[in-house]
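Trainee: Dumping the structure here so I can ask a few things about it.
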Amino acid sequence: MKAIHFGAGNIGRGFIGKLLADAQAELTFADVNQPLVDQLAHQQSYQVNVVGQDARIEKVSRISAIHSASPDAIRQIAQADIITTAVGPQVLEKIAGTLAQGLIARYQQGNHQPLNIIACENMVRGTSQLKQHVMLQIPEEMQKWMEQNIGFVDSAVDRIVPPSEAANDPLDVTVETFSEWIVDSTQFKGALPHIEGMEPTANLMAYIERKLFTLNTGHAITAYLGQLAGYKTIRDAILNPDIRQKVSAAMKESGAVLIRRYAFDPEQHAAYIDKILSRFENPYLHDDVERVGRQPLRKLSEGDRLIKPLRGTLEYGLPHQNLLLGIAAALSYRSDQDPQAQELAAMLASKGIEQTLLDVCHLEDQPEVVAQITNVYNTMQRQA
Ligand SMILES: NC(=O)C1=CN([C@@H]2O[C@H](COP(=O)(O)OP(=O)(O)OC[C@H]3O[C@@H](n4cnc5c(N)ncnc54)[C@H](O)[C@@H]3O)[C@@H](O)[C@H]2O)C=CC1
Ligand SMILES: O=P(O)(O)OC[C@H]1O[C@](O)(CO)[C@@H](O)[C@@H]1O
């Protein structure tokens, strides 16, 4: 199995690339970070430090690496059996051109073997969005061939992999024991590849929303409340009883929507939330609130982990006080390193909180909710 993984970052090396390598794939990482590509290509191996219960060191070897915008990338796409990505939601559009060129080369070479492309990003149906970007660059006469031979498979990906600052080798990654990679079995072309750790389901939306609107909702709120309270790491923030209670309550509010929408078992969902809280506490991971809170405009957008669960509570008439608190805390997020945090701060300074809420979160139809978030936000600012 020939595999290309776009994005040799934390989740790329620490999770998806590792599963592909473990499945004996001939794995090539494709990245824009040339020093990283050079080191991977030279070393052809790295270590994954699995921390927590059942701690172990696992070696990934016999891998190669190329620049993601190189002619080599196009050549390899023409021959690949599986392509995965973990580049960040905003980067999918940027890699679509290379993917399209590779697919055109594949078509011209008469390679009719099925190819499956799986975006592993924190977003709802990211691969479908990638497909739209790719299809815009595919000529009309190839469209039927694409539908027959190229699978665009949505997925949900869950493993906490912060940057490993303390590692001796910059290629090494530190990961938690827990991992979950769920893919939409209905979207594959050809036989489903057997990759240990990749779980096919015909009911992907339930799993995407369960993950994004529980783990990511709780994680983001921990980061935002944590920063407001002066904590540097997720662990320190979640060990604060007041923050923990609010984060847990927000996940329960979002959970009530999921239980209603997907008929999840309430007891199992409560256990899922408890497990997530314990993952945030992991003493072996150093995870900065700034990493988890990164790109607040994306996290405050309509379909993401804060506003979408809030919309669900409004749809079903369910409580949402703690989600509102999380949204107000997200609006309070500041970071000198993060262009989106700076853009958010500039919007707040120039337009004020209400207009920012409308522009970023699109809550035009919810004036009462806008007023409530505004109140909470103003109170937070006074106390900060
Ligand atoms: N780190 C984690 O714990 C998890 C991350 N994710 C998702 O995985 C994705 C990646 O996250 P991380 O690995 O944490 O980020 P990261 O920043 O560690 O890795 C992203 C990699 O993509 C590369 N990249 C950027 N532009 C590119 C391009 N045009 N072509 C090829 N590579 C490019 C970067 O150089 C970097 O190596 C995000 O969507 C994130 O939400 C999902 C679950 C867990
Ligand atoms: O990667 P994003 O979407 O910026 O958000 C950070 C989140 O992603 C993760 O890295 C993995 O799910 C979480 O640790 C965190 O909730």
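The values are calculated or read from the model by the stated rules, or taken from the named source; none is laboratory data. Since the structure is predicted, the reported quantities are computational estimates derived from the model, not experimental observations. Counting neighbours? That spans all protein chains shown, and the Cβs are built from the backbone with ideal geometry, glycine included. For accessibility, only protein heavy atoms count, side chains too; no ligands or nucleic acids. Shrake-Rupley method; radii C 1.70, N 1.55, O 1.52, S 1.80 Å.
Trainee: Which residues, counting only those in region 312-328, are out of contact with any Lys or Arg (no Cβ under 9 Å at 6 or more places or on another chain), surrounded by 18 or more Cβ atoms within 10 Å (Cβ to Cβ) and either free of Cβ contacts under 8 Å to residues at least 24 places away in the same chain or under 18 Å from Ala229 (Cβ atoms) (or both)?
Mentor: Matches in region 312-328: Leu324, Ile327, Ala328.
Trainee: Still on this model: Within region 234-250, which residues are touching an Asp or Glu at 6+ places or on another chain (Cβ under 7 Å) and open to solvent by less than 60 Å² (accessible area, probe 1.4 Å)?
Mentor: Taking region 234-250 as the starting set, the residues that turn out to be touching an Asp or Glu at 6+ places or on another chain (Cβ under 7 Å) are 234-235, 238-239.
Within region 234-250, Ile234, Ile238 meet the criteria.
Trainee: Here's a follow-up. Out of everything in region 1-54 that is acidic (Asp, Glu) and within 15 Å of ligand 1 (Cβ to nearest atom), what residue ends up being surrounded by the fewest Cβ atoms within 10 Å (Cβ to Cβ)? Reasoning before the result, please.
Mentor: Narrowing region 1-54 to residues acidic (Asp, Glu): 22, 26, 31, 38, 54.
If we keep only those that are within 15 Å of ligand 1 (Cβ to nearest atom) too, we end up with 31, 38.
Numbers: Asp31: 22, Asp38: 12.
Only one residue tops the list, namely Asp38.
Trainee: While we're here: Scanning for something farther than 30 Å from Arg235 by Cα, touching a Leu at 6+ places or on another chain (Cβ under 9 Å) and either among the hydroxyl-bearing types (Ser, Thr, Tyr) or part of a loop (DSSP other than H, G, I, E, B) (or both), does region 26-36 turn up at least one residue?
Mentor: Looking through region 26-36, none of the residues is farther than 30 Å from Arg235 by Cα, touching a Leu at 6+ places or on another chain (Cβ under 9 Å) and either among the hydroxyl-bearing types (Ser, Thr, Tyr) or part of a loop (DSSP other than H, G, I, E, B) (or both).
Trainee: Right, here's the next one. Right, Val134: β-branched (Val, Ile, Thr), buried (at least 17 other Cβ atoms within 10 Å of the Cβ) and either outside the structural domain of Gly97 (by TED's automatic domain parsing) or over 17 Å from the mean Cα position of the chain (by Cα) (or both) or not?
Mentor: Judged against the criteria, Val134 is a match.
Trainee: Give, as residue ranges, the strands (runs of 3 or more DSSP E) completely inside region 110-171 that count at least 3 residues that are under 28 Å from Leu40 (Cβ atoms) and in contact with a helix residue (DSSP H, G or I) (Cβ under 6 Å, 6 or more places away or on another chain). Step through it out loud before you land on a result.
Mentor: On the way: elements: 115-119, 150-153, 155-158.
Per the criteria, 150-153.
Rundown of residues vs (1) small (Gly, Ala, Ser); (2) within 21 Å of Asp158 (Cβ to Cβ), yes/no style:
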position	(1), (2)
Ala220	yes, yes
Tyr224	no, yes
Gln227	no, no
Gly230	yes, no
Ala250	yes, yes
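Trainee: Output the number of the condition that Gln24 fails; it satisfies all remaining conditions of (1) modelled with pLDDT of 95 or more; (2) on the phi < 0 side of the Ramachandran plot; (3) polar (S, T, N, Q).
Mentor: (2)
Trainee: Here's a follow-up. Within region 294-311, track down each residue that is closer than 23 Å to Tyr262 by Cβ and either open to solvent by less than 30 Å² (accessible area, probe 1.4 Å) or outside any loop (DSSP other than H, G, I, E, B) (or both). Break it down stepwise before answering.
Mentor: Of the residues in region 294-311, the ones closer than 23 Å to Tyr262 by Cβ are 299, 301-311.
Residues satisfying the conditions are Lys299, Asp304, Arg305, Leu306, Ile307, Lys308, Pro309, Leu310, Arg311.
Trainee: Answer yes if at least one residue in region 149-170 is open to solvent by less than 40 Å² (accessible area, probe 1.4 Å), under 23 Å from Ile273 (Cα atoms) and over 22 Å from the mean Cα position of the chain (by Cα), and no otherwise.
Mentor: Within region 149-170, the first condition is being open to solvent by less than 40 Å² (accessible area, probe 1.4 Å), and the residues that meet it are 149-162, 164, 167, 169.
Remaining after also requiring under 23 Å from Ile273 (Cα atoms): 155-162.
Narrowing further to those that are over 22 Å from the mean Cα position of the chain (by Cα): none.
There is no residue in region 149-170 that is open to solvent by less than 40 Å² (accessible area, probe 1.4 Å), under 23 Å from Ile273 (Cα atoms) and over 22 Å from the mean Cα position of the chain (by Cα).
Trainee: Which one of Tyr262, Tyr231, Tyr284 is at pLDDT below 95, open to solvent by 30 Å² or more (accessible area, probe 1.4 Å) and assigned by TED's automatic domain parsing to the domain that holds Leu323?
Mentor: Working: Tyr262 fails: at pLDDT below 95; Tyr231 fails: at pLDDT below 95.
Going through Tyr262, Tyr231, Tyr284 in turn, the sole match is Tyr284.
Trainee: Within region 287-301, identify whether any single residue is basic (Lys, Arg), assigned by TED's automatic domain parsing to the domain that holds Ile221 and touching a Pro at 6+ places or on another chain (Cβ under 7 Å), and answer yes or no.
Mentor: yes
Trainee: Evaluate the following for Ala80: is it surrounded by 17 or more Cβ atoms within 10 Å (Cβ to Cβ), free of Cβ contacts under 8 Å to residues at least 40 places away in the same chain, of a type in the set (A, V, I, L, M, F, W, C) and more than 16 Å from ligand 2 (Cβ to nearest atom)? I'd like the intermediate steps shown before the answer.
Mentor: Numbers: surrounded by 17 or more Cβ atoms within 10 Å (Cβ to Cβ): yes; free of Cβ contacts under 8 Å to residues at least 40 places away in the same chain: no; of a type in the set (A, V, I, L, M, F, W, C): yes; more than 16 Å from ligand 2 (Cβ to nearest atom): yes.
So Ala80 fails the test.
Trainee: Taking region 53-76 only, how many residues are under 14 Å from Asp31 (Cα atoms) and not in a loop (DSSP other than H, G, I, E, B)?
Mentor: Going residue by residue through region 53-76, those that are under 14 Å from Asp31 (Cα atoms) are 63-74, 76.
From what is left, the residues that are not in a loop (DSSP other than H, G, I, E, B) are 64-67, 71-74, 76.
Qualifying residue count for the region: 9.
Trainee: Further, regarding this structure: When you check Leu19 against the structure, is it part of a helix (DSSP H, G or I) and not β-branched (Val, Ile, Thr), yes or no?
Mentor: Details: part of a helix (DSSP H, G or I): yes; not β-branched (Val, Ile, Thr): yes.
Considered against the rule, which asks whether it is part of a helix (DSSP H, G or I) and not β-branched (Val, Ile, Thr), Leu19 comes out as yes.
Trainee: In region 346-384, what count of residues is obtained for those that are within 22 Å of Leu228 (Cα to Cα) and outside any helix (DSSP H, G or I)?
Mentor: Within region 346-384, residues that are within 22 Å of Leu228 (Cα to Cα) and outside any helix (DSSP H, G or I) number 2.
Trainee: For Glu199, work out the one condition from (1) within 30 Å of His42 (Cα to Cα); (2) at pLDDT 95 or above it doesn't fulfil.
Mentor: Among (1) within 30 Å of His42 (Cα to Cα); (2) at pLDDT 95 or above, Glu199 violates only (1).
Trainee: Can you work out which of the residues in region 158-188 that are within 16 Å of ligand 2 (Cβ to nearest atom) and of a type in the set (Asp, Glu) is farthest from Arg235 (Cα to Cα)?
Mentor: Only one residue fits best here, namely Glu180.
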